[in-house]
Amino acid sequence: MALTSTALHQELVTGGPVPDDPERAVRYSRIRELLFLVGIVWQWLTLLAWLTGRRSARWQVTARRLVPRPVLATPLCALGYAVAEWLTVLPLSYLRGYVVEHRFGLSTQTRVAWFTDTLKALGVALALEVPLITGVYAVIRRSPRWWWLILAGLALPFTVLLAQLWPVLIAPIFNKYEPFRDTALAERIRRLAERAGVRVAAVLRMDMSRQTRKANAFFAGLGGTKRIVLADTLLDNFTPDEIETVVAHELGHQVHRDVWKLVGLGTLSTLGGAWLLDRLARPLIQRYRQRLGFSSIAEPASLPLLSLLAGLLGLLAMPLQNWFSRRFVESRADRYALEQTGRPDVFISAMERLGRVNLSDPSPPMLVKLILYSHPPIAERIQTARAFQPAAAPPS
Ligand SMILES: [Zn+2]
């Protein structure tokens, strides 16, 4: 799970019951989970391929030869790894993002539109990753002993900046965001926020139907870029009452300052992860330096090894991060929505509709939930709504 504000991007997508064809939803979920697993194994294999036969060491030598100044060798190395990884993962991305989505009638994209989005994503990834990786290696070279600590210190302002800029700089590359014009609904949202005593962040409509029939909503941004985003697929297919409940859930994120929680968690993960990387990578390089063809963590040829270890650590941390998200972020936002609207019946129908539209598995296997679900499965969310007792009379 990316731990910037984009973590909230997957808002509400996971989980959901009462599809017209429950078996189809379960089949769709299992296929996605299987492809997730295959994707991880595939990525590890490609990273191992870099490390065996001294490929990454040879690429480092080539990169140094290709650039006029040594300072440019690290960014070129990073660029090469990123493009190679994109190419090796492309068939799987196509299967997951295009074939399966069309097979289940969810995607609205042509092949060309899908590929354009994929290229844009590559562009964004390169623009962020190449300077970032160059910076990381500069820090490792400057301070081989304490680089992990310095990096964690730098991660905080960087994550804050990214959380702030993501909604205005990166998200608009893929979709259009505009204030929505339904004045009656806007007025309801304003009243809801007033009752809750919050100054509502900007509420925007996103043309998600450009990619999919799925419905979604999310809260993102910090400071001046704070916003609640509602997909057109949600606005056009859900009743005003249901939309109000979804907005109340997003308002809950705003009131609970959840973006800050995720920024904090991201910084802690960076600190722990970088320290562990340092401890794990050094002895491995020491032991296998003949076979690897490089002898220091400060050489860019070590990037596939660091990526492999970081991937393993990330996978191990995933259940913990998702548990945190379910328990302290999403369940609380659900409770907030129930308290503010006082309408568990509407909450339940919104969840049921979401489950149908998004082909969600209402009750995934326990292991799948523990590892992959940032939100409680919708059967649980409905259970929470059924058990909900308004503390006072519902607000008028
Ligand atoms: Zn949420």
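No lab work stands behind these numbers, since they all come straight from the coordinates. Values in this document were obtained by computation on a predicted structure and should not be read as measured data. Here Cβ is always computed from backbone atoms with ideal geometry, including for glycine, and neighbour counts include all displayed protein chains.
Structure data summary
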{"read-out": "Per-residue Cβ neighbour rank within 10 angstrom, fewest leading, THR110, THR225, THR270", "value": "THR110, THR225, THR270"}
{"read-out": "Approximate spin-label separation LEU122-GLN389, in nm, with each point projected 7 Å along Cα-to-Cβ", "value": "5.8"}
{"read-out": "Spin-label proximity, HIS256 to the range 346-369 - amide N less than 12 Å from point 7 Å beyond Cα toward beta carbon", "value": "none"}
{"read-out": "VAL203 long-range amide H proximity, modeled H, under 5 Å", "value": "ILE228"}
{"read-out": "Amide H contacts under 5 Å for THR212, placed H, 5+ residues apart", "value": "THR108"}
{"read-out": "Full-extension gain in nm, ARG27 to GLU187, via 0.36 nm per residue minus C-alpha separation", "value": "53.6 nm"}
{"read-out": "Beta bridges by DSSP in the chain, antiparallel share as percent, to the nearest 5", "value": "60"}
{"read-out": "Cα gyration tensor, the chain - rounded (a/c under 1.5), prolate or oblate", "value": "prolate"}
{"read-out": "Non-local Lys pairs in the range 5-387, i.e. 8 or more apart or on different chains, that have alpha carbons under 19 Å apart", "value": "4"}
{"read-out": "Anisotropy class of the range 181-251 from Cα gyration tensor, a/c 1.5 cut", "value": "oblate"}
{"read-out": "Options TYR373, GLN254, GLN43, ranked by Cα towards positive dipole end of the range 5-387, top entry (Cβ charges)", "value": "GLN43"}
{"read-out": "The chain: relative contact order as a whole-number percent, Cα under 8 Å and 6+ apart", "value": "30"}
{"read-out": "Potential extension, ALA113-LEU95 segment - 0.36 nm per residue separation minus Cα distance", "value": "5.0 nm"}
{"read-out": "Formal net charge of residues neighbouring GLY123 (Cβ-Cβ distance under 15 Å; K, R +1; D, E -1)", "value": "-2"}
{"read-out": "Along the chain, longest interval not containing exposed trypsin sites (Lys or Arg not before Pro), exposed being DSSP loop plus at most 14 other Cβ atoms within 10 Å", "value": "1-144"}
{"read-out": "The range 139-296, relative contact order in percent, only Cα pairs under 8 angstrom and at least six apart counted", "value": "26"}
{"read-out": "Expected 222 nm ellipticity per residue - DSSP helices of 4 or more, -39500 (n - 2.57), all of the chain, to 500", "value": "-21500 deg cm²/dmol"}
{"read-out": "In order through the range 214-224: 3J(HN,Hα) via Karplus (6.51 cos²θ - 1.76 cosθ + 1.60), integer Hz, x for Gly, Pro", "value": "5, 10, 7, 8, 7, 10, 8, x, 9, x, x"}
{"read-out": "Kyte-Doolittle mean at least 0.5, axial Cα span of 27 Å or more - DSSP H helices of the chain", "value": "22-51, 73-94, 111-142, 303-324"}
